[in-house]
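Just so it is clear, none of the values below were taken in a lab; they were calculated from the coordinates. Quick caveat, the model's predicted, so the values are computed rather than measured. We place every Cβ from the backbone using ideal geometry, glycine too, and count neighbours over all the protein chains shown.
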Amino acid sequence: MKKYILGVETSCDDTGIGLLEIDNNEMNILYNKRISFDFYNTKFGGVVPEIMARNHLEAIDKLVAEVKKIVPLNQIDVIAATAGPGLIGSLSVGFSFAKYLAITNKVTFIPVHHLEAHIDVVNPSYPALIILISGGHSMIIYAKSLREYHIICNTRDDSFGELIDKVGRELGLQIPSGRQMEEIASTCDQVINPQDIKIVLKDKLEFSCSGLKTHFIKMIRSQKFSKLYMAKLLQETIIQNIKYKIDMATELTNCNNYIICGGVSANSRLREVMHTAKFPSVELSTDNGVMVAYAAKKHLDINSKMINNIEIEEFSSMSLSKWILSL
Ligand code: KG4
Ligand code: ZN
């Protein structure tokens, strides 16, 4: 019998709605739309929580109305929503909306952790080294099984996504800047001088981006380098730092089953360098509703304690390993 799962994602500055059809073991994406409020970020130099909450409400209403035309709500089997981590004002809009829809239509409700959604959309096999790089997080997880996640590398300050967006702002790019950084980097013919690539914390299995941010901003302000070269250097520096720590993690765990996910994993140069890794499709790398539906499918498969757990409230932060332990 076919099953339909609706996924709702509003953890930050995108409203993402996805509809997944499960036909035996086959999964088909019936709907995947996202409304981004990037425009406001570029205008105000970052995310403004109050503006986000208002926009999410309008966007979610519009997108759910479109989904209803594909499958009526009372025929949907599961409604899943991101509970956190993220901006509380944004999360609460999507999360309460989804909970309300589920309760009023007598549909199963599943709360989802944003990071498990980024991972589950790749449908990983275990054991795996999961490299999760997004705007909010940068980490390497040694996942021995679906229920045992160890975070073996984290960032001591900013994430790679934040680094891209902050240096992007200095370069006058739109925010978030990842896609545009990639575009302009690909048009730069100049070869990167290997001495310009800085690897941070060489003897530690830990990321750090804030020193890189200062370093790049100084280089840009010195006006000795072209905008294109700086974008290409930023991209290459990030990739080489990630690769360096992946090699360390491989040595530590003996695991080379790589899963790379999160918004920054959309980068095609990274995909080229880490060609043995499994990535989500580019479209499903950045925040979207389909990944939330994939996570909900996993919850059903493992009969997780989150199924119909309406006591859970949205949260701004919670470690992924703690969440996985509670399933
Ligand atoms: O996962 P995501 O959509 O949101 C969070 O959970 O944070 O990640 C957003 C981040 C942004 O910093 C954005 O600049 C970056 O992903 N990003 C990229 C690319 N597309 C988005 N970074 C590098 N290359 C890209 N093509
Ligand atoms: Zn994300």
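The table below lists the values:
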{"quantity": "Any chance N74 is surrounded by fewer than 23 Cβ atoms within 10 Å (Cβ to Cβ), free of Cβ contacts under 8 Å to residues at least 12 places away in the same chain, more than 24 Å from Q174 (Cβ to Cβ) and out of contact with any helix residue (DSSP H, G or I) (no Cβ under 7 Å at 6 or more places or on another chain)", "calculated": "no"}
{"quantity": "Pairs where the first residue, in segment 165-189, is within 19 Å of Q223 (Cβ to Cβ) and the second is away from ligand 2 (no atom under 16 Å from the Cβ) and of a type in the set (F, W, Y), C-beta under 6 Å, 6+ apart", "calculated": "V167/F216; C188/Y229"}
{"quantity": "Members of segment 106-115 that are crowded, with 24+ Cβ neighbours inside 10 Å and either within 16 Å of ligand 1 (Cβ to nearest atom) or of a type in the set (S, T, N, Q) (or both)", "calculated": "V112, H113, H114, L115"}
{"quantity": "Positions within segment 117-139 being more than 10 Å from ligand 1 (Cβ to nearest atom), outside any strand (DSSP E or B) and under 12 Å from the mean Cα position of the chain (by Cα), in sequence order", "calculated": "I119, D120, V121, V122"}
{"quantity": "Positions within segment 207-226 being more than 30 Å from Y126 (Cβ to Cβ) and either outside any helix (DSSP H, G or I) or within 16 Å of ligand 1 (Cβ to nearest atom) (or both), in sequence order", "calculated": "S210, L212, K213, F216, Q223, K224, F225, S226"}
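Residue by residue, here is whether (1) surrounded by fewer than 21 Cβ atoms within 10 Å (Cβ to Cβ); (2) in a helix (DSSP H, G or I); (3) aromatic (F, W, Y); (4) touching a residue at least 24 places away in the same chain (Cβ under 8 Å) holds:
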residue	(1), (2), (3), (4)
Y4	no, no, yes, yes
I22	yes, no, no, yes
F39	yes, yes, yes, no
A53	yes, yes, no, yes
H56	no, yes, no, yes
A59	no, yes, no, yes
A65	yes, yes, no, no
